[in-house]
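Data first, discussion second: the structure below is written as structure tokens.
The values are calculated or read from the model by the stated rules, or taken from the named source; none is laboratory data. Here the structure is a predicted model, which means the values were calculated and not measured. Here the Cβ is made from the backbone with ideal geometry for all residues, glycine too, and neighbour counts use every protein chain on show. Note: areas computed on protein heavy atoms with side chains; ligands, DNA, RNA excluded. Shrake-Rupley method; radii C 1.70, N 1.55, O 1.52, S 1.80 Å.
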Amino acid sequence: QQTEGPVAPVYKTGLKSDETSNKAFEKQFPAQWLTYQRNNLDNLQQMTDYGGPVPWNKNDNVNPPPKGNPKAAQPYLKNLWLGYPFSFEYKKARGHTYAIQDILDTDRLNRYSDKAGLPATCWNCKTTKMSTWHREYGDKVWSMEFHDFRTKQDEKDNSIGCSYCHDPADMKLRIDSVPLKEALQKVGFDLAKASRNDMRSLVCAQCHVEYYFQAPKYGPAAKPVFPWTNGATPDKPFGGVDPESIYQYYKDHGVVEMKTMEGWFADWVHPVSKTPMLKAQHPEFEHFINGPHGAAGVACADCHMAYTRSVDPDKKKTSNHQWTSPLLNIEGTCKQCHQDKTPEYLKERVLFTQRKVYDQLLKAQDLSVRAHEAVRLADAWKGEKNPDYDALMLQARENVRHGQWMWDYVSAENSVGFHNPVKTMDTLARSQEYSAGAALLAMQATNYGIGKNLEGDIRKLVPPILEWSREMQMDPENLKKYVWTTYLTPLPKSGKVWDGNKKLTQ
Amino acid sequence: QQTEGPVAPVYKTGLKSDETSNKAFEKQFPAQWLTYQRNNLDNLQQMTDYGGPVPWNKNDNVNPPPKGNPKAAQPYLKNLWLGYPFSFEYKKARGHTYAIQDILDTDRLNRYSDKAGLPATCWNCKTTKMSTWHREYGDKVWSMEFHDFRTKQDEKDNSIGCSYCHDPADMKLRIDSVPLKEALQKVGFDLAKASRNDMRSLVCAQCHVEYYFQAPKYGPAAKPVFPWTNGATPDKPFGGVDPESIYQYYKDHGVVEMKTMEGWFADWVHPVSKTPMLKAQHPEFEHFINGPHGAAGVACADCHMAYTRSVDPDKKKTSNHQWTSPLLNIEGTCKQCHQDKTPEYLKERVLFTQRKVYDQLLKAQDLSVRAHEAVRLADAWKGEKNPDYDALMLQARENVRHGQWMWDYVSAENSVGFHNPVKTMDTLARSQEYSAGAALLAMQATNYGIGKNLEGDIRKLVPPILEWSREMQMDPENLKKYVWTTYLTPLPKSGKVWDGNKKLTQ
Amino acid sequence: MSNAPPNRTSPTNWFAVASVLAVLLVAGAAGAWSMQATDQAAFCASCHTMDTSFWTFGKSGHAKLACNDCHAPQNLAAKIPFKAQAGSADVWATVSKNIPDVIHASKMHKDVIQANCVRCHAPTIQTVAMDAKPYCVDCHRSVPHKSRTPISTRKVADG
Ligand SMILES: [Ca+2]
Ligand SMILES: [Ca+2]
């Protein structure tokens, strides 16, 4: 007889709180270990209409999976991120057990040089070692050389694992990530008072959130910061996570020097339109938190880690540690709450949202390309200009930036809208508004001189770039393939310096 | 005890199935009668943020309620419906008991002439007498003179009432309306097999649906038809109710003669842009049916007629026959299903959707005005033209029509998006796309000659028309007030012929 | 707002008065039979007010249980006062016809229910953090009254 209410199991593992090896947990937690291993599944059977852990190239709408995905790819990504590492490689995410391998292999980091081009910060959301290193080097760690850490960990044993979410000593959920701890403090959310339900989402918010690298002027260089303060109030700590609030936030915290944008934050300058751009990254938490589920108190773990009994050794109920699309197991996830519905019905409702979001996302990207192209043409315009040409062009650029930020906020979010259907659609409508506005302003600046050159199908005017990589950019010939790539500077020719965690002789 | 499942109570009233008086039901159904009388409430206490039964002018964003409503009005409605009776008067709906009074008093019908200008069809969704008349006159009734029926009924005793939804003999739910019966038949929905749950929405679908008046070429003149067939399939009878399906439907079923639109349906031609337009009317059912609630089987009556016990004489559970905003009584409506939430929470979720929908709706209307204006300017353009001028202008007009249809489909729907949040937002994004496209095509047609005249704030370029009415349009002086109204033809000066159901001496 | 407050001066419902007597009998005599009889679905459903709950429960995986397997504390010392209080509240509401449009389990009552979920399902909930949410029914939202399903499939119109 038990009347106390259910209590979470408490463990005494004998492990130290700073344990970072995954394997160290295997023996005591064979069930969780077993589902955790399933994160290695990444075959075609794991695909859903828009998701699932298959690492196809997100821009490739030509080749069938696993290389591309004609039904869910976004063909203009390489154009829109031109000049930024994301244009070299960006893949559909797969399981947590691949995190280190995938970052070791990604072309976003410069493996052809001793300088990765991006800081050690990138390790933050991939390895259980991060907090060890932070303890060791302090806030200097963020701006240290990425490559120097390639060899300092095991590809599997330190990939996103137990110690990132649990205190190894007693397995209580914990926040291991420095940036989240600081972000929560800044918005006035007291982690000490977080409920168990809160923790079941906050552990994910360590990584599945938008971030930027801090400029030295504002504190430790290259530290990852979550831009949530603009709009946060004591009673609504997450009042600042909507895309317009964050866009306002980025009108500060940076070192842009361009007129009218002085001091704004920018990730890079787009070479075609010469616009200081923002890059959005995986704002799952920011979407979810005020969506129909998040607002109702449903947690990430409720859908992505639903209890399962299917696991040996003892078929006890455990949290499923295979983080993947809930649509691969609707019976075991959604249906605990939506018991009255069929799996087919639930899937169809998800698709009802996703199809519309995907369609509007592609339209938003087409308009965004048109906006860059308009500014490019207006820049090159030799004819008669509007007396306000300069002011109009600055406004146009601001709209290019704003429009791209808005669709990227949706594109980077991995549920194709399901985590917050209405907010997502609103964000895309705004994206389209700003991008269309940018093109119009550029036309005005040239007294409509460029109008003719913008007529017709944008996919023909500016062909989508299907393949691009650091190696391709090393060959000046390749830069001639597209009008847009002519704006790039060729990269120095060089052989690979790093292959995974092996340094190659040079 | 029951084992079959809840069944609707059956009565033997002694009334005939063709009874049309509301009062005839009072004695036997005092509880329903009492809540039915509450449909007469229309004071300011009944307002919600966007809804509630207070008849303010839908375009008036200047005067406070009850005349206007700065927080929820749509200032461009009179501009966008110029030349069509809706531009004279369009109010927020109120209770069913006002249906006859409001149609008697509306300026949409010409009370200054022996010809109302709109057919007797208009009575269909206002009076319990309609089926009697249909039996009497057959399909001729639709095109008969509206005015001739003004005196043939009692303002209150025949206003939307019992016999429209119930068979008076046994009070079973029934479909009394001819157009719905025919529409269901056409899409292959067998009314005889409708479940009780279906009926709890279908009785509303008699009226809360989009309709158009049939042209004589296609069958009985002026008969109201619901345009649902394009996309309907045997297993998805309501597969044709999305705005794009209906837009396609209207590419037929009409008598438009303009090139490239031959045979299309149009409600009227907008005098400013000379575009054959569509008018959307209250597609509540069409939104609801594949929204989160409708798809889940929730019925209109679940939210708008929730059981109440608060009614004398015997405080039994009865269906609340006061059809109004559920937000006026969240405890009694939403909380039947969402018992774990607070009323404040639920209201906030509704507003989370409504605020975004309202904002995007206004933006869509601004763009729609700009589209008409662009076509107007391009029509008047005397400078050099694009060699494809004619083709481009036709395309522009098609986009004007398409863009306006899309926002009107949302504007005319009375939940400000709540009945189907994602579909509503998608519809508005499309509206904006088409309207922006229309302006661009008109610019192209004039080789951008009109560009300059479209720059700047549209609310200044084309001022919203706050007041307009038949009387105003009789005075040629008034037509000079706005550029747009100069495109109207003054109406013949005339005194009122009808005041409510009283014919005035002439 | 739009619904007028319930009128509190309507005539007495005699069936309900009889029920009061029954409950008093239970509380007073505490006979084993009446204790058990008033736990059963049939008794609860003798009030039309309870029809909805009865119907949905009857269609659920828990149909073989008695209402009070969930709706009353199982330890007798707590059960008698709880039943007397809940029972007389129900009866008073019925007699005075002060029955709300939508009946909700109170916080106290929800805690009682929760304890019962835990009581029966103890073996199931040992290995995981089943206190992830305040109540089991925050996830198991349909247990047992199918609260998200359309009204006509679970409510009785003339209750
Ligand atoms: Ca970012
Ligand atoms: Ca219509």
Point to revise | For q = 0.24, 0.29, 0.33, 0.34 Å⁻¹, Debye-computed log10 I/I(0) when each Cα of region B:133-173 counts as one equal scatterer | key: -0.96, -1.01, -1.03, -1.04
Review point. Around residue A:497, which amide H atoms from residues at least 5 apart in sequence, or from another chain, sit under 5 Å from its own amide H, with H modelled in the peptide plane?
Key: A:112, A:113
Exercise for review: In whole Å, largest first, what are the principal axis extents of the Cα atoms in region A:248-289?
Suggested key: 36, 22, 12
Practice item. Net charge near residue B:50: determine it from the other residues with C-beta under 13 Å of the C-beta of residue B:50, scoring Lys and Arg +1 and Asp and Glu -1. Key: +3
Point to revise | Low-density loop cleavage sites - GluC sites (Glu not before Pro) in region B:146-232, where at most 12 other Cβ are within 10 Å (DSSP) | key: none
Check your understanding: What gaps in nm, shortest first, separate residue A:382 from its twins in the other copies when you place the label 7 Å past Cα toward the beta carbon?
Key -> 3.4
Review point. Considering every residue in B:300-310, what mean count of other chain Cβ atoms within 10 Å of its Cβ is obtained?
Key: 5
Study note, to complete from the structure: Between residue B:466 and residue B:67, the two model label points (7 Å from Cα along the beta-carbon direction) sit apart by a distance in nm of 0.8
**Study point:** Karplus 3J(HN,Hα) series, Hz, for region A:76-83 with 6.51 cos²θ - 1.76 cosθ + 1.60 (x for Gly, Pro)
**Key:** 8, 4, 5, 5, 6, 9, 3, x
Check your understanding: Put the label 7 Å from Cα along Cα→Cβ for residue B:342; what are its distances to the other copies, in nanometres, shortest first?
Key -> 3.9
Check your understanding: Within the set A:156/A:481; B:78/B:385; B:92/B:502; A:67/A:347, which residue pairs have Cα atoms separated by over 28 Å?
Key -> A:156/A:481; B:78/B:385
Revision key, fill the gap. So the compactness index of region B:125-279, its C-alpha Rg divided by 2.2 N^0.38 Å, takes the value 1.15
Exercise for review: In nm to one decimal, list the spacings between the residue A:40 label point and its equivalents in the other copies, with label points set 7 Å along Cα to Cβ, shortest first.
Suggested key: 7.7
**Study point:** Rg to Rh quotient for region B:83-178, alpha carbon positions, Kirkwood Rh
**Key:** 0.98
Review point. If we count every other residue with Cβ under 13 angstrom of residue B:435's Cβ, Lys/Arg +1 and Asp/Glu -1, where does the sum land?
Key: -1
**Study point:** Chains A and B, summed buried accessible surface - 1.4 Å probe, Å², nearest 100
**Key:** 2800
Review point. For peptide C:53-66, how many partner chain Cβ atoms fall within 10 Å of a residue's Cβ, on average?
Key: 1
Study note, to complete from the structure: Per the beta carbon screen (other Cys under 4.7 Å), unpartnered cysteines of chain B come out as B:122, B:162, B:165, B:303, B:334, B:337
Point to revise | Accessible carbon and sulfur surface of region B:288-375 relative to its total accessible area, %, 1.4 Å | key: 60
Study note, to complete from the structure: With the full set of protein chains present, the residues of region A:174-204 whose 1.4 Å probe accessible area falls by 50 Å² or more relative to the chain alone are A:196
Review point. Taking Cα atoms, how many degrees apart are the long axis of helix A:389-411 and the longest axis of chain A, rounded to 10 and kept between 0 and 90?
Key: 30
**Study point:** Förster-model FRET efficiency, 25 Å R0, residue B:384 and residue B:259, C-beta, rounded to 0.05
**Key:** 0.65
Study note, to complete from the structure: accessible surface per residue for the protein assembly as shown, probe 1.4 Å, DNA/RNA/ligands not counted, whole Å² -> 41
Point to revise | Amide H contacts under 5 Å for residue B:270, placed H, 5+ residues apart | key: B:275, B:277
Review point. If amide H atoms are built 1.01 Å from N in the plane of the peptide, which residues on other chains or at least 5 residues away come under 5 Å of the amide H of residue C:40?
Key: none
**Study point:** Accessible surface of region C:84-149 [probe 1.4 Å, protein heavy atoms]: carbon and sulfur percent
**Key:** 66
Point to revise | For residues of B:331-338, the mean tally of beta carbons on other chains within 10 Å | key: 5
Exercise for review: Would you mind checking the radius of gyration and Dmax of region B:312-362 based on alpha-carbon positions, in Å?
Suggested key: 14.4, 48
Study note, to complete from the structure: Per the protein assembly as shown, sqrt(5λ) over the Cα gyration tensor eigenvalues, sorted largest first, in Å, gives 52, 48, 22
Study note, to complete from the structure: Nearest-0.05 FRET efficiency for residue A:114 and residue A:136 at R0 = 25 Å, using Cβ-Cβ distance, is 0.70
Exercise for review: Quick one: give the max-minus-min coordinate of the C-alpha atoms of region A:174-220 along each principal axis, largest first, in Å.
Suggested key: 37, 20, 15
Check your understanding: For the peptides A:125-131, A:437-443, C:109-115, what is the packing order when you average, over each peptide's residues, the other Cβ atoms within 10 Å and list the highest mean first?
Key -> A:437-443, A:125-131, C:109-115
**Study point:** Around residue B:219: net Lys/Arg minus Asp/Glu count, Cβ-Cβ under 10 Å
**Key:** 0
Point to revise | Gained length - residue A:16 relative to residue A:236, 0.36 nm times residue gap less alpha-carbon distance | key: 75.6 nm
Point to revise | For chain B, the Rg and Dmax computed from alpha carbons only, in angstrom | key: 23.4, 83
Exercise for review: Could you order peptides A:144-154, C:65-75 by the average number of other Cβ atoms within 10 Å of their residues, highest first?
Suggested key: C:65-75, A:144-154
Revision key, fill the gap. Expressed in µm² per second, the diffusion coefficient of region B:277-330 from the Stokes-Einstein equation, with Rh the Kirkwood radius over alpha carbon pairs, at 4 °C and 1.567 mPa s, is 99
Review point. Given the pairs B:23/B:126; B:91/B:251; A:251/B:71; A:259/A:480, which span a C-alpha to C-alpha distance of over 20 angstrom in this model?
Key: B:91/B:251; A:251/B:71; A:259/A:480
Review point. For the pairing of chain A with chain C, what total accessible surface becomes buried, with a 1.4 angstrom probe, in square angstrom to the nearest 100?
Key: 2100
Practice item. For region A:396-506, with all protein chains present and a 1.4 Å probe, just round the carbon and sulfur fraction of the accessible area to a whole percent. Key: 54
